[in-house]
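Chemist: Handing you this structure, nothing more for now.
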Amino acid sequence: MEKYVINGGNKLYGSVKIQSAKNSVLPILAAAVLTDGQVKILNVPHISDVSNMVKILIRLGCKAEYIGEDILIDSSSANCFEIPSGLAHELRSSIFLLGSLISRFKMAKIAFPGGCDIGLRPVDLHLNGLKRLGVEITEKNGYILCKCEKLVGTEIMLDCPSVGATENIMLAAVKAEGTTIIKNAAREPEIEDLQKFLNAIGAKVKGAGSGTIVIDGVNTLGSAEFLPINDRIEAGTFLIAAAMCGGEVELECTSAENISSLLHKLRENGCNIHIKNDKIILESSKTLTSVKSIETQPYPGFPTDLQAQFTALLCICKGQSIVTENLFETRFKYVPELRKMGADITVINRSAFVRGVDKFKGATVVAHDLRGGAALVLAGLAAEGRSEVLDISHINRGYGSFEYKLRAIGGDITRVAV
Ligand code: EPZ
């Protein structure tokens, strides 16, 4: 076990290089199983979700390894279509492999996935989409068993724009017979990035980002070297840190477009934000004011993955706010921890009612999930006095070199073995 020890109160100044997006790298790693070609993914963060996905690929018989900041994958030796519960429970994204394994082996056996404890995390939309492509699916002893003679393209309408279900169906469809049309598809930038990667290895995918994705099945796929988009959630996390602590922070290689809903809210809070090519500069010098309400929505709405971090900011803004979490059932587990730091916040059903206080007070708190854990780190950096954030393995899942990047801009934070 490890913890962060944080001495709060420093303003943040400097520049941060944003990593490749975790939620782009993970489906691309799953997509690499589709091809016998060589795949090289560039600028990949060293985070446990990615290393767990690499472990799964190796378990399937692929060659996969980190070389510096890149990952090399060769799936030509893949010889297994089963993901054991131990690995599947480590990682929600293991479910993405269903589409790839069925496409490659016409068989797949995966334990129901784990992931962050932020909600029920059903996979019905994934399974219904695969059934529409001709896959026979049974569920036994906590496993999802899939098989099919062949995959045949068809039209699939998603009940809700699920990111994972959209990605899984894309992966299953790229080598299916005929054309697949996904309607009410998720529109996240990471979906567009997956389309870009799939086309780079020879697939025929179009429409990602529009809500309707069209995939014309192909017979063979090849090799590619690919730089994923930057991580808009890491970028948003650092912008919120700068807003909470005060100072001036510049983010390199970041697309403002991908986090425009957050930038709009931070300007409402009173932050000065300048955008120069692929740089975002945020300057925050005075007490910020609240925003009346925040509702998390599928992209391009306010991202659920920034809900916890932004709520921490609202706790030290002047005024009151209501934060409503529309995507996941239990994504407020960080709230009791913020209350230990002096936050005035009450959760009723899917909404958190926040009354701004002057400052957080340092305290010892526990991370329960990835983004809630990041929110506690930001609160500690902005707090008066010393804080400890325990069980930071959740944070290691999605933020590479987190404390190094925060220290480089003035944050007093140290990782300590417990
Ligand atoms: C992806 O999760 C991301 N993970 C999540 O990021 C992100 O919060 C989420 O999309 C929403 O943007 C990865 O990309 C690896 P969904 P996913 O399917 O695919 C319901 C992080 O912090 N649903 O879009 O699991 C579901 O209950 C992680 O980086 C069904 O009902 O999210 C939820 O209410 C956390 N049936 C909504 O859709 C299904 O079969 C959105 O879920 C699937 C989903």
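The values are calculated or read from the model by the stated rules, or taken from the named source; none is laboratory data. Keep in mind it's a predicted model, so treat the numbers as computed, not measured. Every residue, glycine as well, gets a Cβ built from its backbone with ideal geometry; the counts of neighbours run over all protein chains shown. Side chains included, ligands, DNA and RNA excluded: accessible areas come from the protein's heavy atoms. Shrake-Rupley method; radii C 1.70, N 1.55, O 1.52, S 1.80 Å.
Chemist: Can you tell me which residue in region 313-338 is nearest to the ligand (Cβ to nearest atom), limited to those that are within 12 Å of Ile294 (Cβ to Cβ) and crowded, with 18+ Cβ neighbours inside 10 Å?
Modeler: Out of the qualifying residues, it is Glu325.
Chemist: Identify the residue in region 207-241 that is touching a Ser or Thr at 6+ places or on another chain (Cβ under 6 Å) and over 30 Å from Leu133 (Cβ atoms) and, among all such residues, is most open to solvent (accessible area, probe 1.4 Å). Show your work before the answer.
Modeler: In the first step, residues of region 207-241 are kept if they are touching a Ser or Thr at 6+ places or on another chain (Cβ under 6 Å); the result is 215-216, 221, 228-230, 235.
Pick out the ones that are also over 30 Å from Leu133 (Cβ atoms) and you get 230, 235.
Working: Asn230: 27, Ala235: 0 Å².
The extreme case among them is Asn230.
Chemist: Further, regarding this structure: If only one of Val366, Val357, Val377 is over 21 Å from Gly398 (Cα atoms) and modelled with pLDDT of 95 or more, which one is it? Before the answer, list the steps.
Modeler: Values: Val366 fails: over 21 Å from Gly398 (Cα atoms); Val377 fails: over 21 Å from Gly398 (Cα atoms).
After applying the criteria, what remains is Val357.
Chemist: Go through region 82-130 and count every residue that is open to solvent by 30 Å² or more (accessible area, probe 1.4 Å) and in contact with a strand residue (DSSP E or B) (Cβ under 6 Å, 6 or more places away or on another chain).
Modeler: 4
Chemist: Given region 363-418, what helices (runs of 4 or more DSSP H) lie entirely inside it while holding 1 or more residues that are of a type in the set (Val, Ile, Thr)? Before you say what the answer is, go through the steps one by one.
Modeler: Numbers: elements: 370-382, 393-396, 402-408.
Per the criteria, 370-382, 393-396.
Chemist: Could I ask something else about it? Check whether at least one residue in region 194-202 is within 15 Å of the ligand (Cβ to nearest atom), open to solvent by less than 40 Å² (accessible area, probe 1.4 Å) and either in a strand (DSSP E or B) or not aromatic (Phe, Trp, Tyr) (or both), and report yes or no.
Modeler: Quick first cut of region 194-202, residues within 15 Å of the ligand (Cβ to nearest atom) only: 194-195, 197.
From what's left, open to solvent by less than 40 Å² (accessible area, probe 1.4 Å): 194-195, 197.
Of the ones still in play, those that are also either in a strand (DSSP E or B) or not aromatic (Phe, Trp, Tyr) (or both) are 194-195.
Yes: one or more hits.
Chemist: Any idea which residue in region 283-303 is surrounded by the fewest Cβ atoms within 10 Å (Cβ to Cβ), counting only those that are touching a residue at least 40 places away in the same chain (Cβ under 8 Å) and farther than 27 Å from Ser15 by Cβ?
Modeler: Gly301
Chemist: Next question, about the same structure. State all residues of region 358-386 that are aliphatic (A, V, I, L, M) and under 18 Å from Ile294 (Cβ atoms); if no residue qualifies, say none.
Modeler: Initially, region 358-386 is screened for residues aliphatic (A, V, I, L, M), giving 363, 365-367, 370, 374-379, 381-383.
Within region 358-386, Ala374, Ala375, Leu378, Ala379 qualify.
Chemist: Then there is this: What number of residues in region 347-377 are over 23 Å from Thr324 (Cβ atoms) and within 16 Å of the ligand (Cβ to nearest atom)? Talk me through it step by step, then tell me what you get.
Modeler: Restricting attention to region 347-377, the residues satisfying the condition of being over 23 Å from Thr324 (Cβ atoms) are 358-359, 361-366, 377.
Retained after the next criterion (residues that are within 16 Å of the ligand (Cβ to nearest atom)): 377.
Selection size over region 347-377: 1.
Chemist: Right, Ala352: open to solvent by less than 10 Å² (accessible area, probe 1.4 Å) and outside any strand (DSSP E or B) or not? Explain how you work it out, then say what you get.
Modeler: Numbers: open to solvent by less than 10 Å² (accessible area, probe 1.4 Å): yes; outside any strand (DSSP E or B): no.
It is false that Ala352 is open to solvent by less than 10 Å² (accessible area, probe 1.4 Å) and outside any strand (DSSP E or B).
Chemist: Mind checking whether some residue in region 69-91 is among the aliphatic types (A, V, I, L, M), without any contact (Cβ under 8 Å) to a residue 12 or more places away in the chain and under 21 Å from Ala21 (Cα atoms)? Please lay out each step first, then the result.
Modeler: Initial filter on region 69-91 (among the aliphatic types (A, V, I, L, M)): 71-73, 78, 83, 87-88, 91.
With without any contact (Cβ under 8 Å) to a residue 12 or more places away in the chain added as a condition, the list becomes none.
Checking region 69-91: not a single residue is among the aliphatic types (A, V, I, L, M), without any contact (Cβ under 8 Å) to a residue 12 or more places away in the chain and under 21 Å from Ala21 (Cα atoms).
Chemist: Given the criterion modelled with pLDDT under 95 and within 11 Å of the ligand (Cβ to nearest atom), identify the matching residue among Arg92, Arg187. Don't jump to the end; show me each part of the working.
Modeler: Working: Arg187 fails: modelled with pLDDT under 95.
So the residue among Arg92, Arg187 that is modelled with pLDDT under 95 and within 11 Å of the ligand (Cβ to nearest atom) is Arg92.
Chemist: Every residue in region 38-59 that is away from the ligand (no atom under 13 Å from the Cβ) and either out of contact with any Ser or Thr (no Cβ under 9 Å at 6 or more places or on another chain) or open to solvent by 10 Å² or more (accessible area, probe 1.4 Å) (or both), please. Before the answer, list the steps.
Modeler: Of all residues in region 38-59, those away from the ligand (no atom under 13 Å from the Cβ) come to 38-44, 46, 51, 54-59.
Residues satisfying the conditions are Gln38, Lys40, Leu42, Asn43, His46, Ser51, Val54, Lys55, Ile58, Arg59.
Chemist: I've got another one for you. Tell me whether region 71-80 contains one or more residues that are within 16 Å of the ligand (Cβ to nearest atom) and surrounded by fewer than 17 Cβ atoms within 10 Å (Cβ to Cβ).
Modeler: So far as region 71-80 goes, no, none of its residues is within 16 Å of the ligand (Cβ to nearest atom) and surrounded by fewer than 17 Cβ atoms within 10 Å (Cβ to Cβ).
Chemist: So, of the residues in region 127-182 that are small (Gly, Ala, Ser) and assigned to a loop (DSSP other than H, G, I, E, B), which turns out to be farthest from the ligand (Cβ to nearest atom)? Write out each step before concluding.
Modeler: Taking region 127-182 first, the residues small (Gly, Ala, Ser) are 129, 134, 142, 153, 162, 164-165, 172-173, 176, 178.
Okay, now just the ones that are also assigned to a loop (DSSP other than H, G, I, E, B), so 134, 142, 153, 162, 176, 178.
Values: Gly134: 19, Gly142: 17, Gly153: 20, Ser162: 3, Ala176: 20, Gly178: 24 Å.
For region 127-182, the residue satisfying everything is Gly178.
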